[in-house]
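The values are calculated or read from the model by the stated rules, or taken from the named source; none is laboratory data. A quick note: this is a predicted structure, and the numbers were derived from the prediction, not measured. As a convention, Cβ positions derive from the backbone with ideal geometry for all residues, glycine included, and neighbour counts pool all protein chains shown. Protein only, heavy atoms only, side chains kept; ligands, DNA and RNA dropped before computing areas. Shrake-Rupley method; radii C 1.70, N 1.55, O 1.52, S 1.80 Å.
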Amino acid sequence: MADITPRLTSVKDRITELANLAGSDQAEKARQLAAELSAELDRAMEEASAPQVNASDRGRPLPKAPRHEVGRCPVCSLRTFHFEKGSIRANADAESGYEAFFRCLSCAYEGWVEID
């Protein structure tokens with residue numbers, strides 16, 4: 001994934017410029033909104049620049065498939081929640097360290113699920 005920090009910095013600068021151009025009747029509200037958006041962009045830039053966790057950092061390759069490729073959908077409760085092949089990725093927050101993308105063939109719900 002490309003580094004989006006320069007793009008976000010440009011957007012932040014343009015928000016500040018917009019706040020400066022706001023009319024006097026709405027100037028304070030525009031400055032508040034610009035400050036909130038700038039803070040949100042700062043958080044996004046910090047997250048984007050955070051180091052990504054790769055499987056190579058763990059010293060082991062990504063699993064080819066989860067132990068159970070079909071499960072019960074959390075929305076419709078049918079056993080149609082299928083693993084999408086090739087969608088496994090590393091996840092530092094997951095206990096196992098990996099997650100996979102699943103899609104329900106019944107209700108079309110989709111989401112990332114931690115795998116063993």
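General observations
- Tally of residues being among the polar types (S, T, N, Q), open to solvent by less than 40 Å² (accessible area, probe 1.4 Å) and modelled with pLDDT of 90 or more across the stretch 73-111: 1
- Pairing residues of the stretch 29-48 that are within 14 Å of R7 (Cβ to Cβ) with residues that are of a type in the set (V, I, T) and open to solvent by 40 Å² or more (accessible area, probe 1.4 Å), at Cβ distances under 6 Å and at least 6 apart in sequence or on separate chains, gives A48/I4.
- The requirement of being surrounded by 14 or more Cβ atoms within 10 Å (Cβ to Cβ), aliphatic (A, V, I, L, M) and either over 30 Å from T16 (Cβ atoms) or at pLDDT 80 or above (or both) is not satisfied by V70.
- Residues satisfying the stated conditions in the stretch 14-29, i.e. among the polar types (S, T, N, Q) and assigned to a loop (DSSP other than H, G, I, E, B): S24, Q26
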